[in-house]
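The values are calculated or read from the model by the stated rules, or taken from the named source; none is laboratory data. All figures in this text were calculated on a predicted structure; none of them were measured in a lab. Cβ: placed from backbone, ideal geometry, glycine included. Neighbour counts: every protein chain shown.
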Amino acid sequence: MNEIYLAVRRFLHYRFSLHEDNAEESDTVESIRKNVEFKGANLWTLIFAIFIASIGLNVNSTAVIIGAMLISPLMGPIMGLGLGIGINDIELVKKAVRNLAIATVISIITSTLYFWITPLHEASSELLARTSPSIWDVFIAGFGGLAGIIAATRKKKSNAIPGVAIATALMPPLCTAGYGLASGNIYFFIGAIYLYFINSIFICVATYLIVRYLKFHKTEFEDKVYQKRVRRYILIIVLVTAAPSVYLAYRIVDRGIFENNARAFIDKELSYTNTQVITRNYKYSRKGNEIDLLLLGKELTALQIDSLKKKLPSYNLNRTKLSIRQGLNAKNELDFSQIKASILEAVYRKDSTSNKENAYQAIDMSIPDLNNELRSLYPSLSSYSINHVEVKHLDTTKRDTVTLALMNFRSKISAGEQNRLQRWLKTRLGSDSLKVLMDK
């Protein structure tokens, strides 16, 4: 039994040891130190990379964004911060924090300048993707940081670090923050900075973990009193860095679990034959979550709604409020609902079996979910519905299909904003026959 244990241990050590092909510690530390400071060529490279990434986001080009991330030097100060914390080098920590702050501010100023002068002001899907972090961003940043520092400690350098720069995507959030400032959209700015902060923290934490695992020598000082003070400062920095990361990770994971459970609940429990879920909004909050649904078709009875609410705990939605709006009294929006009733209710009319089949065919289920994008672009938007509707001409047998978008705002938006929304929807949905109806 002992021989089997030793054999397994030798196998695992041979396959998974990070001490094989390890570069000299001094070489690794020096290499990371060189990439910490932003001045001269490093700073100009960052500025040019920010311009390239901003253009890529502006024209919605993934290839251009990837190219910008490949030449970005932003990983340097973040890994330097993790290394400094890991080896008790307070000077390296201060230098890394200072340069990271400088790089961040210059990046935001550069991207803001670009988006302020560019003639293209529409928010692309690549931009919108960087405004709301998810649990996957946490995992990518953590695993990417681990891969990056492991690659940096090898004798033979691989293509892992450029790959990490692409995967962790530090630059696009900074460019999106600049877009938020240039367009006056504070939600874009906050969401993008939030994503950048998450990526930076988890890359830093990953660097610290590998440095300690490889047992890099900690800095020793002749003055023991000063050494204790330095270690105290390092401990404070670790706690200040780790505490937000743990909290942010928990919140993102918790939100992801809630939204997955909510989707499962809706897909399984609201699959009625004559009732369609038009819009679904998931409202995550520390005070209690909410699922807000707008239904079209045959109205659910009070008994059915009560039964749905009782099923929420079965999907781990114990502290979740279920709000269902349907019929002409949906959220007291009488006029708006009448428009819906007059145009869309015909789709669900049960004149005959064939009519019902045709009605369901008229609803194009391939319409993308625009919840996150519309929430970011128009915070005052409370609900919307988008469907392909068949238009019958009374004087001929001709039939056309029109994409109808019904938008309900909490407060009135300007005519310019309405035109901008219509242009964006036409581009996003690829529909020239789009008709937009707005309430308020």
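Criterion applied to L270, L303, L296 was being under 22 Å from I386 (Cα atoms) and out of contact with any helix residue (DSSP H, G or I) (no Cβ under 7 Å at 6 or more places or on another chain), and the one residue passing it is L270.
Scanning region 413-428 for residues that are aliphatic (A, V, I, L, M) and over 17 Å from R375 (Cβ atoms) yields one hit, A415.
Residues that are in the same structural domain as K215 (by TED's automatic domain parsing) and surrounded by 17 or more Cβ atoms within 10 Å (Cβ to Cβ): which helices (runs of 4 or more DSSP H) entirely in region 1-69 hold 2 or more of them?
In region 1-69, the matching helices (runs of 4 or more DSSP H) lie at 25-34, 41-58.
Out of curiosity, is I85 more than 26 Å from the chain's Cα centre (by Cα) and in contact (Cβ under 8 Å) with a residue 40 or more places away in the chain?
Considered against the rule, which asks whether it is more than 26 Å from the chain's Cα centre (by Cα) and in contact (Cβ under 8 Å) with a residue 40 or more places away in the chain, I85 comes out as yes.
Tell me, please, whether a residue that is modelled with pLDDT under 85 and either hydroxyl-bearing (S, T, Y) or not assigned by TED's automatic domain parsing to the domain that holds M407 (or both) can be found in region 306-318. No, region 306-318 has no match at all.
When restricted to residues that are in a helix (DSSP H, G or I) and farther than 12 Å from S200 by Cα, region 70-95 contains 12. In region 210-217, the count of residues that are assigned by TED's automatic domain parsing to the domain that holds F115, crowded, with 16+ Cβ neighbours inside 10 Å and among the hydroxyl-bearing types (S, T, Y) is zero.
Residue check: is V105 of a type in the set (A, V, I, L, M) and under 30 Å from K224 (Cα atoms)? No, not satisfied. Kindly check whether there is at least one residue in region 402-422 that is among the hydroxyl-bearing types (S, T, Y), under 28 Å from the mean Cα position of the chain (by Cα), at pLDDT below 80 and under 26 Å from G184 (Cα atoms). Checking region 402-422: at least one residue is among the hydroxyl-bearing types (S, T, Y), under 28 Å from the mean Cα position of the chain (by Cα), at pLDDT below 80 and under 26 Å from G184 (Cα atoms). In region 274-291, which residue that is more than 21 Å from the chain's Cα centre (by Cα) and closer than 20 Å to S385 by Cβ is surrounded by the most Cβ atoms within 10 Å (Cβ to Cβ)? Ranking the qualifying residues of region 274-291, first place goes to I278.
Of the numbered criteria (1) under 21 Å from P368 (Cα atoms); (2) of a type in the set (G, A, S); (3) within 23 Å of the chain's Cα centre (by Cα), the one S271 fails is (3).
Pairing each residue of region 289-314 that is over 25 Å from L406 (Cβ atoms) with any residue that is basic (K, R) and outside any helix (DSSP H, G or I), provided the two are 6+ apart or on different chains, yields C-beta distances under 7 Å for N289/K283; N289/R319. The listed residues are M79, M69, and the only one of them that is touching a residue at least 24 places away in the same chain (Cβ under 8 Å) and within 21 Å of R154 (Cα to Cα) turns out to be M79.
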